[in-house]
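To start, the structure itself, in structure tokens.
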Amino acid sequence: YCILHKADLILPHMVEDVLSSIKEYFGVPASIKIEYHATSIFDQSIFRVFGEIMKTLLATTHTASTVSKLLLNFIGSTKEISGVTILTEEGLPVFEEGEMVDKIVIPANLWLSTSERLKEEFKTTQPLKSTIETDDFVFVFQQLKEKLLLTGVARKVAPLQFVLLKMEQLMEQVNDLL
């Protein structure tokens, strides 16, 4: 894998030259296929690219396939919740389904950056759960086993208790698969 950071600054007619120069510089034989992923100047693009790479690497495992199907079925049957993601403790999206998953990455990373400090401060070993509400959305964060974070986003038209109950059910199902 090759990640081209700030690739939006490369002029479109120069992309092939840049890719050829990279292969030449590192002495990569023509027989080796390199997957290029472009990021922009925005942090979110880096998380997206690393998530794509993680998904590619996990796609061949049975557990990953089962979790993907579970999330897809969950979003299809739960109209109140618009999107769900599972992120690593580093904030990389491993699984995502539904709409508005792009809105989850930044709040999830903020949550991840403080969750370990909260666990230490309050001396708890229990998985943390919390919500963040904006004018239009509610974000639900639930730690999973295996150092993963389950997040969901719902428009505020759905009752909060309903959203929390549905996310709790999903968390139990995902934990059973991991």
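The values are calculated or read from the model by the stated rules, or taken from the named source; none is laboratory data. Quantities reported herein were computed from a predicted structural model and do not represent experimental measurements. Neighbour counts are summed over all protein chains in view; Cβ atoms, including those assigned to glycine, are modelled from backbone coordinates with ideal geometry. Just the protein is used for accessible areas: all its heavy atoms, side chains included, with ligands, DNA and RNA removed. Shrake-Rupley method; radii C 1.70, N 1.55, O 1.52, S 1.80 Å.
Taking the criterion of being closer than 11 Å to ALA7 by Cα, outside any loop (DSSP other than H, G, I, E, B) and open to solvent by 80 Å² or more (accessible area, probe 1.4 Å), no residue of segment 36-51 qualifies. Taken together, the residues in segment 138-157 that are farther than 18 Å from ASP176 by Cβ, free of Cβ contacts under 8 Å to residues at least 40 places away in the same chain and open to solvent by 30 Å² or more (accessible area, probe 1.4 Å) amount to 1.
One residue stands out in segment 54-68 among those that are touching a strand residue (DSSP E or B) at 6+ places or on another chain (Cβ under 7 Å) and at pLDDT 75 or above: the one that is most open to solvent (accessible area, probe 1.4 Å), namely SER68. In the set (1) closer than 25 Å to ARG48 by Cβ; (2) more than 19 Å from the chain's Cα centre (by Cα), ILE132 fails one condition alone, (2).
Of all residues assigned to segment 95-115, none qualifies as being at pLDDT 85 or above, crowded, with 17+ Cβ neighbours inside 10 Å and hydroxyl-bearing (Ser, Thr, Tyr). Across segment 74-94, the qualifying residues are those that are surrounded by 13 or more Cβ atoms within 10 Å (Cβ to Cβ) and of a type in the set (Asp, Glu), and the one among them that is nearest to LEU148 (Cα to Cα) is GLU89.
In segment 1-35, the qualifying residues are those that are within 28 Å of the chain's Cα centre (by Cα), of a type in the set (A, V, I, L, M) and outside any helix (DSSP H, G or I), and the one that is surrounded by the most Cβ atoms within 10 Å (Cβ to Cβ) is LEU4.
Looking at the structure I just gave you, is LEU71 in contact with a Pro (Cβ under 6 Å, 6 or more places away or on another chain), under 17 Å from LEU149 (Cβ atoms) and open to solvent by less than 40 Å² (accessible area, probe 1.4 Å)?
No; evaluated as a whole, the condition is false for this residue.
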